[in-house]
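J.: This is the structure I want to talk about, given as structure tokens.
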Amino acid sequence: MSGHTPHKDELSGIDTTGHEWDGIRELDNPLPRWWLWIFYASILFAIGYWVVMPAWPSLTGYTKGVFGQSDRADVGRAMEALNAQRGAGAKVLKTASLQQIEQSPELQAYALAVGQSVFGDNCATCHGAGGAGGKGYPNLRDDIWIWGGALEDIHTTLQFGIRSEHPDTRLSQMPAFGRDGLLTTAQISDLTELVVGWSGRKADAAAVARAMPLFAEQCSACHGPGARGDPKQGAPNLTDADWLYGADRASISGQIHAGKGGVMPAWGQRFSPETLKALAVYIHANAGGQDQ
């Protein structure tokens, strides 16, 4: 780019600005009048906005504006109105038992609406939007429950969590049989074949025979002699087709080797009693439906 004195363009008869780029001169055309009016109007609008609305920060706050508009205050008023609207239902939920909530169509409908909202905001991240879970995260839509699927069981699990920091948390621990040297690799392989066979699949008969006394010695105290689990201990049933950490042999062997165990928060420390009840009712209503 080089500077030149302005002159009149020979073809258009319009003065140039004096700027030239590689032999191309810039014409000194005026801006379109409509564009100028919009530009001036934008300036006036900005000045007016600064006057009537909160706009400029300061050391101790910000300019409030003539209108005194506050989005925070608007949200606060909206929340107060929502709480007032929900207040009657929440008050009844707080005093009603879980069974009373499920037996009352009106209360249950209210609890389901609240529970669905709470679930979407807090539980769907791990269990999925529909509660179907995933590897390492339980499916809340079936009737397979490690800690019991009755309404009271679900409420207790939500309230205290699993392996959480709450002093009353539900706690179970699968030993890391391989990592801690409690069993050999061959023994873990035999146990894997045993539970594969128990879940209705073809398994190595010799490995199953070798694993039977090993299971009775190492595993039956929690999972039971028939491997059907114990909800009181949080020990899963090993004879069904539901596997929290995967159903293939590598996943089962890995679980026996490392003894994985997830953590569920104690929601009773975060939610009000009525919200916790609503969430329990929502999960119970959308699951398999254990009654006791």
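J.: Give, as a single signed number, the net charge of other residues whose beta carbon lies under 14 Å from the beta carbon of S164, with Lys and Arg counted +1 and Asp and Glu -1.
T.: Net charge around S164: +1.
J.: Follow-up question, since we're still on this one. Multiply the residue gap between A46 and M212 by 0.36 nm, knock off their C-alpha separation, and tell me the result in nm, one decimal place.
T.: Result for the pair: 51.7 nm of gain on full extension.
J.: A further question on this structure: Is there a quick way to get the dipole size of the chain? I mean about its Cα centre, with the Cβ of Lys and Arg at +1 and of Asp and Glu at -1; what is the value in debye to the nearest 20?
T.: 740 debye
J.: Still on this model: Summing +1 for each Lys or Arg and -1 for each Asp or Glu, what net charge is found among the other residues whose Cβ lies under 12 Å from the Cβ of K260?
T.: So the surrounding residues net to +3.
J.: Also, quick follow-up: Taking 7 Å along the Cα-to-C-beta vector as the label spot, tell me the A84-W35 distance in nanometres, rounded to one decimal.
T.: Label at A84, label at W35, 5.3 nm between them.
J.: Leaving out same-chain residues fewer than 8 places away, which lysines sit with a Cα under 22 Å from that of K94?
T.: Leaving aside lysines fewer than 8 places away in the same chain, those within reach of K94 are K277.
J.: Which aspartates and glutamates, if any, have their Cα less than 20 Å from the Cα of K260, not counting same-chain residues under 8 positions apart?
T.: E165, D180, D190, E193, D230, D240, D242, D248
J.: Of all DSSP beta bridges in the chain, what percent run antiparallel (nearest 5)?
T.: 90 percent
J.: Based on the alpha carbon coordinates of the range 220-279, what radius of gyration and maximum Cα-Cα distance (Dmax) apply, in Å?
T.: When restricted to the Cα atoms of the range 220-279, Rg and Dmax are 15.5, 43 Å.
J.: With unit charges on the beta carbons (Lys and Arg positive, Asp and Glu negative) and the dipole taken about the Cα centre of the range 216-292, which residue among G246, A258, C222 sits farthest to the positive side?
T.: The listed residue farthest towards the positive side: A258.
J.: Follow-up. Return the single residue from N29, N122, N139 with maximal mean-square fluctuation; model: Gaussian network over the chain, springs between Cα atoms under 10 Å.
T.: Looking only at N29, N122, N139, the biggest GNM fluctuation is shown by N29.
J.: Subtracting the Cα-Cα distance from 0.36 nm times the residue separation, let me have the gained length for T125 to A109 in nm, one decimal.
T.: 3.4 nm
J.: Which lysines have a Cα lying under 22 Å from the Cα of K202, excluding residues fewer than 8 positions away in the same chain?
T.: Cross-link targets: none qualify.
J.: Which of the listed residues, F39, L59, G13, is farthest toward the dipole's positive end in the range 11-65, when Lys, Arg count +1 and Asp, Glu count -1 at the beta-carbon?
T.: L59
J.: Sticking with this one: Roughly to the nearest percent, how much of the accessible area of the chain is carbon and sulfur, given a 1.4 Å probe?
T.: Carbon and sulfur: 58 percent of the exposed surface of the chain.
The values are calculated or read from the model by the stated rules, or taken from the named source; none is laboratory data. All values derive from a computational prediction rather than experimental measurement. No Cβ is skipped: glycine too gets one built from the backbone with ideal geometry, and neighbour counts run over all protein chains shown. For the accessible areas, the whole protein counts, side chains as well, though only heavy atoms, and no ligand, DNA or RNA atoms are used. Shrake-Rupley method; radii C 1.70, N 1.55, O 1.52, S 1.80 Å.
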